[in-house]
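The values are calculated or read from the model by the stated rules, or taken from the named source; none is laboratory data. Values in this document were obtained by computation on a predicted structure and should not be read as measured data. Glycine also receives a Cβ, built like all others from the backbone with ideal geometry; neighbour counts cover every protein chain displayed. When the accessible area is computed, the model is the full protein with side chains, heavy atoms only, and any ligands, DNA or RNA have been set aside. Shrake-Rupley method; radii C 1.70, N 1.55, O 1.52, S 1.80 Å.
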Amino acid sequence: MAFVLMMGAALCVPSISLVGHEGLHTAHSFIYSAIAFAVTGALLFLIFRAERFEVSSQQLYLITVFSWLLFALIGSIPLYFGLHGLSFTDAFFESISGITTTGSTVLERLDTMPRSILLWRGILQWIGGIGVIVVGIAILPYLRVGGMRMFSTESSDWSDKTLHHAQTFIQNISLIYFTFTLLACLLYWLAGMSLFDAVVHSMTTLSTGGYANHDSSMGYFNDYPLILWISSLFMLLGSLPFSLFVGAAHGKWRELVHDSQVRGFIAFVTILILLFSIERTINSHLNFFQVLTHVTFNVVSVITTTGYASDDYSLWGPYAVIIFFYIMFVGGCSGSTAGSMKFFRFQVAFILLRNQLHLMRHPSAVYPLKYNGRLLSDDIVRSIVAFSFYFVFTIAAIALFLSLTGLDFITSLSAAATAVTNVGPGLGETVGPAGNFSSLSDAAKWILCAGMLIGRLEIMTVIVVFTRTFWRI
């Protein structure tokens, strides 16, 4: 009921005098949807509100999965009724791509699209971004999904005793998220964006969503390199742990600066950008600054699963295609808006492999597994291994289903990967950075909708709901 009420309130924003006469019909779809969902949410809140807060792990799994489906359904209503000729499949695809901050789109001619639609796409991703942070910090550690338990805090304990701490922590996270969004908007505007573009792109940048207001994505602003650098900065901020930002806001900067995940992630991105830029400078006619700008932007965009593009990087050469395909599996840090596997899992995998090599040389030795100064329990290791298996299996299964709809190998595999990793653009002419998903069949779009949801909720949160054990009392 709170979700319905919140989405009803969010629907009011695009309908408040932001569109001109060209978007009047579309504005009406938002007004009617806002009234309907706001009233419905208010009635549900009055009828079913409870004084005590009690929730089991089974209920929390169901609430997490179905709230995201409900968000996507509500978000699709104004798109379906507001855009003439848009099918419900396309409206739902666009909505769930937004709320999961994936950024894959079926819409064309964005440059002439009613502003209410563009703003709503931005709002969907902005809401999805804060939702992802809350899920990653307050829910997944409690549910012991994918090794997230190692990042548990008081906000991860969903009991009456610590609910107040959870609420306070989420409020602090929301304040930082809102502040970063305002700062990004201001810098975008000062760098040359129109105010409307600055508002929408600030929301889709920090949420690492990637919805743009133009068909050429951020390539529309290639004449303003400062905009690309600002975008790269806030995509990186969106991919860092927001819980550490809360600590930094309270004077605990050392936790952010010395965090193993943050330091490893920044170092990896920096080295990759430098090596990529040197190679591109040698093999192109562009100067180093131009190369560095576009390499930084596109690498950061893909690795943070934002999905913006300033150039068709699939034309940079076969090696570039392989690199971008690889890094879409990396993702940002835990507790961020970024999707994919998250960098800490690769760090833990490296620790496990290194430990195994040591044991092969000294079988009787004891090597404690430590990450970020803490011992890794067997429970966390098992959870990470299980997550990694299901992650690869999910992509393989979705790629197989997509191939059954008639898609070629590259399109099927890259579309499956980009859906589960929540990156946005895939590879090839159809779903690559220069294309979109509008030409896919309805069956393929629904398969990708499932992939986006599964990937956004860390795979096992969704899969466990379909097991027989989950429904046993």
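Enumerate the residues in region 235-258 having an amide nitrogen under 15 Å from the point lying 7 Å beyond the Cα of residue 183 toward its Cβ. Zone members listed by number: 235-253, 256-257.
The amide H of residue 371, built 1.01 Å from its N in the peptide plane, has 376 as neighbours under 5 Å, considering only residues 5 or more places off or on other chains.
First check a/c for region 201-240, with a ≥ b ≥ c the square roots of the eigenvalues of its C-alpha gyration tensor; if it is under 1.5, answer rounded, and if not, answer prolate when a/b is larger than b/c or oblate otherwise. Could you put the intermediate results ahead of the total?
Numbers: a/c = 2.91, a/b = 1.35, b/c = 2.15.
Because a/c hits 1.5 or more and a/b fails to exceed b/c, region 201-240 counts as oblate.
Evaluated at q = 0.20 Å⁻¹, a Debye calculation over the C-alpha positions of region 421-473 (equal weights, vacuum) places log10 I(q)/I(0) at -0.78. If you roll a 1.4 angstrom probe over the protein chains with everything in place, what fraction of the accessible area of region 323-473 belongs to carbon and sulfur, to the nearest %? That share works out to 67 percent.
Could you tell me whether region 203-300 comes out rounded, prolate or oblate from its Cα gyration tensor? Rule is a ≥ b ≥ c as square roots of the eigenvalues, rounded for a/c under 1.5, then prolate if a/b exceeds b/c, otherwise oblate.
Numbers: a/c = 2.91, a/b = 1.48, b/c = 1.97.
Oblate shape, in that a/c is at least 1.5 and b/c is the bigger or equal ratio.
Please compute the per residue accessible area over region 260-339 with all protein chains in place, 1.4 Å probe, rounded to a whole number of Å². Don't skip to the end; give the middle numbers.
Values: 3040 Å² over 80 residues.
Heavy-atom accessible area per residue stands at 38 Å².
Using alpha-carbon pairs under 8 Å, 6+ residues apart, how would you state the relative contact order of region 372-473 in percent?
Values: 97 pairs, mean separation 25.5, N = 102.
Over region 372-473, the number comes to 25 percent.
Residues in region 427-473 average 48 Å² of solvent-accessible surface per residue, probe 1.4 Å, ligands and nucleic acids excluded.
Of the three principal axes defined by the Cα atoms of region 274-408, the extents in descending order read 57, 42, 30 Å.
Considering only alpha-carbon pairs that sit under 8 angstrom and 6 or more positions apart, the relative contact order computed for region 182-305 is 24 percent. Pull out a ≥ b ≥ c, the square roots of the eigenvalues of the alpha-carbon gyration tensor of region 325-403, then state rounded if a/c is under 1.5, prolate if not and a/b is larger than b/c, and oblate in the remaining case. Taking the square roots of the gyration eigenvalues as a ≥ b ≥ c, region 325-403 is prolate. Packing, taken as the mean count of other beta carbons within 10 Å per residue, orders the peptides 410-418, 92-100, 182-190 from highest to lowest as 92-100, 410-418, 182-190.
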